[in-house]
1. From Leu28, Leu10, grab the single residue that is within 14 Å of Tyr92 (Cα to Cα), over 14 Å from the mean Cα position of the chain (by Cα) and touching a residue at least 24 places away in the same chain (Cβ under 8 Å).
2. For the stretch 74-98, which residues satisfy the criterion of being within 18 Å of Leu3 (Cβ to Cβ), over 12 Å from the mean Cα position of the chain (by Cα) and open to solvent by less than 20 Å² (accessible area, probe 1.4 Å)?
3. Which of the residues belonging to the stretch 13-26 are over 17 Å from Thr67 (Cα atoms) and surrounded by 12 or more Cβ atoms within 10 Å (Cβ to Cβ)?
4. In the stretch 78-94, is there at least one residue being of a type outside the set (D, E, K, R) and farther than 17 Å from Gly9 by Cβ?
5. Please verify whether Asp71 is farther than 15 Å from Pro29 by Cα and either open to solvent by 60 Å² or more (accessible area, probe 1.4 Å) or without any contact (Cβ under 8 Å) to a residue 24 or more places away in the chain (or both), treating the condition exactly as stated.
6. Being outside any strand (DSSP E or B) and among the basic types (Lys, Arg) is the filter; apply it to the stretch 36-53 and report the residue that is most open to solvent (accessible area, probe 1.4 Å).
7. Just for the stretch 100-115: of the residues that are open to solvent by 80 Å² or more (accessible area, probe 1.4 Å) and either β-branched (Val, Ile, Thr) or more than 14 Å from the chain's Cα centre (by Cα) (or both), which one is farthest from Tyr58 (Cα to Cα)?
8. Would you confirm, using the coordinates I've provided, whether Gly54 is at pLDDT below 95, in contact with a strand residue (DSSP E or B) (Cβ under 9 Å, 6 or more places away or on another chain) and more than 23 Å from Ser114 (Cα to Cα)?
Amino acid sequence: VQLQASGGGLVQTGGSLRLSCAASGSMLPINFMGWYRQAPGKQRELVASISSGGGSNYADFVKGRFTISRDNAKNTIYLQMNSLKPEDTAVYYCNGRQAWGQNYWGQGTLVTVSS
């Protein structure tokens, strides 16, 4: 399985970005997919996740601002990020995890929020 992330960039405080992550290869669909982020000098942390059934989970620091969604037909997840803050600046990584534990990572996409 390969995960291809896209959509990062530079945005001003209060702006919006939409990240996409497309899964390809065998062993699809992936049961759980999500987004993690890692800021310089910090550990990677979960941002949001979504199951194949559509159930979602968010970190407290993005609740009400970010929305994760999933298109199972396209094996793609999205992260709509609104009201961005400078502290959201990080490399965002797409993650996929099968029910039996197989874990996949995409390449990171950089999100920079200027103040």
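The values are calculated or read from the model by the stated rules, or taken from the named source; none is laboratory data. Small disclaimer: the values here were computed from a predicted structure and weren't measured. Don't worry about glycine lacking a Cβ; one is built from the backbone with ideal geometry, like all the others, and counts go over all protein chains shown. Ligands, DNA and RNA are excluded from the accessible area calculation, which covers all protein heavy atoms including side chains. Shrake-Rupley method; radii C 1.70, N 1.55, O 1.52, S 1.80 Å.
1. On the way: Leu28 fails: within 14 Å of Tyr92 (Cα to Cα).
After applying the criteria, what remains is Leu10.
2. Correct list: Gln98 only.
3. Step one: of the stretch 13-26, the residues over 17 Å from Thr67 (Cα atoms) are 13, 23-26.
Listed by number, the residues that qualify are Thr13, Ala23.
4. Keep residues of the stretch 78-94 that are of a type outside the set (D, E, K, R), which gives 78-84, 86, 89-94.
Okay, now just the ones that are also farther than 17 Å from Gly9 by Cβ, so none.
Looking through the stretch 78-94, none of the residues is of a type outside the set (D, E, K, R) and farther than 17 Å from Gly9 by Cβ.
5. Details: farther than 15 Å from Pro29 by Cα: no; either open to solvent by 60 Å² or more (accessible area, probe 1.4 Å) or without any contact (Cβ under 8 Å) to a residue 24 or more places away in the chain (or both): yes.
Taking the combined requirement at face value, the residue does not satisfy it.
6. Of the residues in the stretch 36-53, the ones outside any strand (DSSP E or B) are 39-44, 52-53.
In the following step, the residues that additionally are among the basic types (Lys, Arg) were identified as 42, 44.
Values: Lys42: 137, Arg44: 95 Å².
Applying the filter and picking the extreme gives Lys42.
7. The residue in question is Ser115.
8. Values: at pLDDT below 95: yes; in contact with a strand residue (DSSP E or B) (Cβ under 9 Å, 6 or more places away or on another chain): yes; more than 23 Å from Ser114 (Cα to Cα): yes.
Here the answer is yes, as Gly54 does meet what is asked.
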